[in-house]
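Data first, discussion second: the structure below is written as structure tokens.
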Ligand code: SF4
């Protein structure tokens, strides 16, 4: 655990704020249960990721400047989203006048599970969650932030989310046939390549169904929104929760 | 300006940051060299025979047109090497000496001098390569060390019989070249 | 047609699409497994990447060294600025030898230069001899994959084709039977060709030799029977030292098909006595790509095809959906450099999942280059036409996150776009997916109420 309670800023991606407030609440409560002092700076906006991934990175300067100004005084910035963290770390334009702040911030932004395992150094979480849980590795978290090993690389297997989940009493971890295949969300890809996106999502859901996943979880609500959207449309009896929700529930 | 000059001067016009050429470390293999080599050849759909097994096989089989350039089996040829490689179209069996074999993948090195005509190991219906056990190396790195700065006009690593998987990814042995490879370890 | 249109078309035959995905996944999986049997795998990738970086940084001097050594070995060297010049050089050689029929082994470069149609127009009979390539050639199709040219076809289709063209038994779909038929058919072609053409996998500056890798042995069957061997080589195929081949041959086949090495790895240094050996060094856009700082690394590619096999898009949309000679992730970063307008949708045919970059044996940052091409393409909006910018904008505005939330931010950025597009009721998101339910309050509102 980190000493003399550093200031932790909670970065809640826009779609979590709007569609999944419960994930924001769970992230906040979870961090507090783990002994952190967390605050949520008001006035957060979209970080600009959908624009940048669509080829308009240069038009995200406003959003980026706003982000730096909101978060520059925190010791750590934590977000329940691998893909938004990757964006604010790797895909933002340089902001004139804020170079120092931007450079420092780069090392202070963490995805939720990596913050818990790498900064808080939590080895295992005590709690109970008697369900069969399938994990969706979001690509930006996995191959962008290296939150888990990727099947293409010859490396020792690891998975930061699994590390936090696997000790929960009663939790059954689902081994998938394709451990880290993309779900097909891909931001604007989900719309510009609609047919492919939906096919990819269906294939992921099939893999989970074949392995009797009861609750599908992950670190990125955007992937889950896409998968849940397909599952609901097809009346698949699968539950969806963000990993923060599982951990928060399990501890209480 | 010639195209040569055009291309080279286009490259010269590009500002390129220097990048060092890395040295290649010594990589080995974990298993025992001969056993690994045998496994590799089997995996490539070839066979490995002892000298006695080979001789038994040869007596039991029928190869009207046979060329042997192996120093171990020099008197087996039934035809001599023609001038024109086209005349080898119905060559039944070629027996050649390999210079060395690579354990990690079963690749065996042969050069012009071993082949007689370059087409021999490809056009023969069946191929036998004779290899001295002493001439096995661990990986391709040691392989290229062995080749060093040899100046043969042609050299080839052969690792198995000709094969293809172009129809629905199902493996078929015997595409255009030799339909079988037997490696005789001496 | 754009990539999304082609992909939707491909996905209509669900069974075929699923088969395509699973077949390529099988190859991907084999590659994953064999790469894990080599403890130094990641070191090899690093070394290969560094060697190729060094090649690109010294391409000019290496090419000159290669040329000088090859000439000393008795090889004739030609230089071609573009595909057209390359094709003319080939035709000149054929004319000089009064050659009407050639055999050709796999060469993506000649596909890129559209050599076959050019030669055919000039009365030359061109026979592709790689089995997969022969199949697609008989169907008048281009290859759909750079390593597995006929991967889009089922054996039933091939059986029918061979029945018609090679008179095989009707309905016999046995791959061994069909392969044997092709062997007999192509053996005749090998025996009859005066000139044989091959691609080049690697050219070695220090020796002037080059290496061609095949499993079938078709390149060797061709060139060792013919009087003349013409090797077509992209200028980026150079390696500095012979021993560098140790690294690259260890990586190539394992990455491509999951086998430890290709069957035949032929090193051509000088022509056989009485024969001719030509090398054509081709630029065709490579120096232009080398000049693009962000994209020059794409020239490190050794054409193993692993990025295609691993790509969840390629597997589900097929090679033809890309409409470019090299399909898949690497094609999507090479092709816009050749014709940005024609290939403008390719960098968007990706979720940026990054699997391609992790699989690539020479560590090309493919998905990052896809991201960078997107930035370039949107800058060129004007030239590329309204359709594309509308399409991209639709992507941004129709996905639920943007549609509902970030409207004002993005509207400012794209203020030229009409509101009718932004609020278009036919939302592509909702065709096969439900929208998340709108909660009572946002997190921001909750926080204000409960915590501040
Ligand atoms: S980009 Fe890399 S993975 Fe793709 S074909 Fe080229 S070398 Fe292979």
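Is at least one residue of region A:106-127 surrounded by fewer than 21 Cβ atoms within 10 Å (Cβ to Cβ), more than 14 Å from chain C (Cβ to nearest Cβ), in contact with a strand residue (DSSP E or B) (Cβ under 6 Å, 6 or more places away or on another chain) and farther than 26 Å from residue A:87 by Cβ? No.
Listed here are the residues, each with its yes/no results for (1) within 18 Å of residue B:157 (Cβ to Cβ); (2) within 16 Å of the ligand (Cβ to nearest atom); (3) buried (at least 24 other Cβ atoms within 10 Å of the Cβ).
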residue	(1), (2), (3)
C:193	no, no, yes
C:224	yes, no, yes
C:232	no, no, yes
C:266	yes, no, yes
C:272	no, no, no
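Reported count of residues in region C:157-191, each being away from every other protein chain (no Cβ under 13 Å) and either within 30 Å of residue C:249 (Cα to Cα) or crowded, with 16+ Cβ neighbours inside 10 Å (or both), is 1. Identification of helices (runs of 4 or more DSSP H) wholly contained in region A:169-252 with 2 or more residues that are within 16 Å of the chain's Cα centre (by Cα) yields A:221-233, A:243-251. Of all residues in region B:148-182, those satisfying the criterion of being crowded, with 22+ Cβ neighbours inside 10 Å and more than 7 Å from chain C (Cβ to nearest Cβ) are B:161, B:178, B:181, B:182. When restricted to residues that are more than 14 Å from chain A (Cβ to nearest Cβ) and more than 10 Å from the ligand (Cβ to nearest atom), region C:328-342 contains 6. Right, residue C:246: in contact with a helix residue (DSSP H, G or I) (Cβ under 6 Å, 6 or more places away or on another chain), assigned by TED's automatic domain parsing to the domain that holds residue C:216 and without any contact (Cβ under 8 Å) to a residue 12 or more places away in the chain or not? For residue C:246, the condition - in contact with a helix residue (DSSP H, G or I) (Cβ under 6 Å, 6 or more places away or on another chain), assigned by TED's automatic domain parsing to the domain that holds residue C:216 and without any contact (Cβ under 8 Å) to a residue 12 or more places away in the chain - is met.
Looking at region A:10-29, which of the residues that are assigned to a loop (DSSP other than H, G, I, E, B) and at the interface with chain C (Cβ under 9 Å from one of its Cβ atoms) is surrounded by the most Cβ atoms within 10 Å (Cβ to Cβ)? Only one residue fits best here, namely A:13. Selection of first residues in region C:287-298 that are free of Cβ contacts under 8 Å to residues at least 24 places away in the same chain and of second residues that are in a loop (DSSP other than H, G, I, E, B), restricted to Cβ pairs under 6 Å at least 6 apart or on distinct chains, gives the following pairs, ordered by first then second residue: C:291/B:14.
Scanning region B:6-38 for residues that are in a helix (DSSP H, G or I) and more than 10 Å from chain C (Cβ to nearest Cβ) turns up B:33, B:34, B:35, B:36, B:37, B:38. Taking the criterion of being within 11 Å of chain A (Cβ to nearest Cβ), within 10 Å of the ligand (Cβ to nearest atom) and part of a helix (DSSP H, G or I), the residues of region C:356-370 that qualify are C:356, C:357, C:358, C:359. Residue C:240 meets the conditions (1) under 17 Å from residue C:48 (Cα atoms); (2) touching a residue at least 40 places away in the same chain (Cβ under 8 Å); (3) within 16 Å of the ligand (Cβ to nearest atom) in every case but one. The failed one is (3). If the condition is being more than 16 Å from the ligand (Cβ to nearest atom) and under 24 Å from residue C:149 (Cα atoms), then region C:286-319 contributes C:316, C:317, C:318. Anything in region A:87-124 that is over 20 Å from residue A:163 (Cβ atoms) and assigned to a helix (DSSP H, G or I)? List them, or say none. Of everything in region A:87-124, those that are over 20 Å from residue A:163 (Cβ atoms) and assigned to a helix (DSSP H, G or I) turn out to be A:87, A:88, A:89, A:90, A:99, A:100, A:101, A:102, A:103, A:104, A:105, A:106.
Here is a yes/no grid of residues against (1) in contact with a helix residue (DSSP H, G or I) (Cβ under 7 Å, 6 or more places away or on another chain); (2) under 17 Å from residue C:352 (Cβ atoms):
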position: C:296; (1), (2): yes, no
position: C:299; (1), (2): yes, no
position: C:303; (1), (2): yes, no
position: C:307; (1), (2): yes, yes
position: C:310; (1), (2): yes, yes
position: C:320; (1), (2): yes, no
position: C:329; (1), (2): yes, yes
position: C:335; (1), (2): yes, no
position: C:339; (1), (2): no, no
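From the list A:58, A:65, which one is over 14 Å from the mean Cα position of the chain (by Cα), closer than 30 Å to residue C:347 by Cα and within 11 Å of another protein chain (Cβ to nearest Cβ)? Going through A:58, A:65 in turn, the sole match is A:58.
In the condition set (1) within 10 Å of chain C (Cβ to nearest Cβ); (2) more than 24 Å from residue B:144 (Cα to Cα); (3) modelled with pLDDT of 95 or more, residue B:105 is compliant with all but (2). Looking across A:90, A:32, one residue alone is in contact with a strand residue (DSSP E or B) (Cβ under 7 Å, 6 or more places away or on another chain), surrounded by fewer than 19 Cβ atoms within 10 Å (Cβ to Cβ) and within 12 Å of chain C (Cβ to nearest Cβ). It is A:32. Regarding residue C:307, is this residue farther than 30 Å from residue A:226 by Cβ and touching a residue at least 40 places away in the same chain (Cβ under 8 Å)? Criteria not met by residue C:307. Selection of region C:404-452 for residues being part of a loop (DSSP other than H, G, I, E, B), at pLDDT 50 or above, more than 27 Å from residue A:236 (Cβ to Cβ) and more than 7 Å from chain A (Cβ to nearest Cβ) yields only C:452.
Residues in region C:204-213 include at least one that is under 26 Å from residue B:157 (Cα atoms), touching a helix residue (DSSP H, G or I) at 6+ places or on another chain (Cβ under 9 Å) and surrounded by fewer than 20 Cβ atoms within 10 Å (Cβ to Cβ).
Annotation for region A:58-78: at least one member residue is surrounded by 24 or more Cβ atoms within 10 Å (Cβ to Cβ) and under 17 Å from residue C:447 (Cβ atoms).
The values are calculated or read from the model by the stated rules, or taken from the named source; none is laboratory data. This is a predicted model, so every value here is computed, not measured. Neighbour counts run over all protein chains shown; Cβ positions are idealised from the backbone, glycine included.
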